[in-house]
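Trainee: Please see the structure below; I have some questions.
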Ligand SMILES: [Zn+2]
């Protein structure tokens with residue numbers, strides 16, 4: 001379970017134009033995708049696997065202030081994952097935010113409405129910078145599992161790396177995201193996150209067993 005800070009960040013001073021402006025009815029706007037980001041170290045020195053919860057919450061506060069100033073909402077993401085393995089929910093799923101420009105080519109609706117933004121704290125692109133820790137991977141996996149479990153998430157919602165998110169502009173023309181986010185060290189994780197779940201064959205096995213038992217009974221009765 002993510003550490004839930006969504007009430008802290010559901011606040012007028014971090015939502016330009018007021019809280020109502022950012023709220024969404026998820027029955028009308030279901031979740032269709034998850035977009036993975038990284039925060040390439042603009043908010044202070046890298047935090048390692050041994051960082052404290054206090055340091056991480058401080059980092060989220062810096063990020064929130066910066067995003068509010070730049071995009072009108074802070075943080076612009078819904079979830080933030082740390083190398084320690086801690087995962088924080090920072091934006092309510094029923095709010096649209098500011099993490100991915102442009103629109104979903106399939107619906108023409110803005111990605112910030114239809115997708116949940118998950119951010120890995122650290123720089124996973126530049127040489128000599130952070131390597132994803134096992135904790136970070138687990139925290140990202142946890143976020144994806146939690147999001148896919150929402151009743152308003154469409155089945156099989158994919159996880160896109162920010163820079164690879166298929167996107168169009170208002171006219172429907174392709175719009176490149178033009179970013180290396182979430183970094184080449186996180187890209188391999190996407191294949192795992194998008195691997196289809198193993199089919200559930202328990203029901204079929206039970207039916208086969210029942211049929212076998214029925215045959216057995218007939219043979220004994222004969
Ligand atoms: Zn990004």
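The values are calculated or read from the model by the stated rules, or taken from the named source; none is laboratory data. These numbers come from a predicted model, not from an experiment. Cβ coordinates were reconstructed from backbone atoms using ideal geometry, including for glycine residues, and neighbour counts include every protein chain displayed.
Trainee: Please determine whether any residue of segment 73-84 is farther than 23 Å from residue 141 by Cα and outside any loop (DSSP other than H, G, I, E, B).
Mentor: Yes: segment 73-84 contains one or more residues that are farther than 23 Å from residue 141 by Cα and outside any loop (DSSP other than H, G, I, E, B).
Trainee: Out of everything in segment 122-142 that is under 15 Å from residue 80 (Cα atoms) and outside any helix (DSSP H, G or I), what residue ends up being farthest from the ligand (Cβ to nearest atom)?
Mentor: 133
Trainee: Something else: Check whether at least one residue in segment 3-17 is touching a strand residue (DSSP E or B) at 6+ places or on another chain (Cβ under 7 Å), within 16 Å of the ligand (Cβ to nearest atom) and assigned to a helix (DSSP H, G or I), and report yes or no.
Mentor: Within segment 3-17, none of the residues are touching a strand residue (DSSP E or B) at 6+ places or on another chain (Cβ under 7 Å), within 16 Å of the ligand (Cβ to nearest atom) and assigned to a helix (DSSP H, G or I).
Trainee: So which of 200, 173 ends up being farther than 19 Å from residue 115 by Cα and modelled with pLDDT under 95?
Mentor: Of the residues listed, the single one that is farther than 19 Å from residue 115 by Cα and modelled with pLDDT under 95 is 200.
Trainee: Then there is this: Could you run through segment 27-40 and say how many residues are more than 13 Å from the ligand (Cβ to nearest atom), touching a residue at least 12 places away in the same chain (Cβ under 8 Å) and outside any strand (DSSP E or B)?
Mentor: Number of matching residues: 4.
Trainee: Tell me which residues, restricted to segment 100-131, are at pLDDT 95 or above, farther than 22 Å from residue 67 by Cα and crowded, with 18+ Cβ neighbours inside 10 Å.
Mentor: Correct list: 104 only.
Trainee: If I go through segment 41-58 residue by residue, how many of them are modelled with pLDDT under 95 and either within 14 Å of the ligand (Cβ to nearest atom) or buried (at least 16 other Cβ atoms within 10 Å of the Cβ) (or both)?
Mentor: Count: 4.
Trainee: I've got another one for you. Please tell me if residue 151 is away from the ligand (no atom under 15 Å from the Cβ), within 30 Å of residue 50 (Cα to Cα) and either surrounded by 10 or more Cβ atoms within 10 Å (Cβ to Cβ) or at pLDDT 95 or above (or both).
Mentor: Considered against the rule, which asks whether it is away from the ligand (no atom under 15 Å from the Cβ), within 30 Å of residue 50 (Cα to Cα) and either surrounded by 10 or more Cβ atoms within 10 Å (Cβ to Cβ) or at pLDDT 95 or above (or both), residue 151 comes out as no.
Trainee: Given 11, 39, 33, 69, which one is within 20 Å of the chain's Cα centre (by Cα) and over 28 Å from residue 108 (Cβ atoms)?
Mentor: 39
Trainee: Another one. Kindly provide the set of residues from segment 97-121 that are within 13 Å of the ligand (Cβ to nearest atom) and not in a strand (DSSP E or B), ordered by number.
Mentor: Hits for segment 97-121 are 97, 98, 99, 100, 101, 102, 111, 112.
Each row is one residue, and each column tells you yes or no for (1) free of Cβ contacts under 8 Å to residues at least 60 places away in the same chain; (2) part of a loop (DSSP other than H, G, I, E, B); (3) at negative phi.
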{"position": "163", "(1), (2), (3)": "yes, no, yes"}
{"position": "170", "(1), (2), (3)": "no, yes, yes"}
{"position": "180", "(1), (2), (3)": "yes, yes, yes"}
{"position": "183", "(1), (2), (3)": "no, yes, no"}
{"position": "190", "(1), (2), (3)": "no, no, yes"}
{"position": "197", "(1), (2), (3)": "yes, yes, yes"}
{"position": "203", "(1), (2), (3)": "yes, no, yes"}
{"position": "207", "(1), (2), (3)": "yes, no, yes"}
{"position": "213", "(1), (2), (3)": "yes, no, yes"}
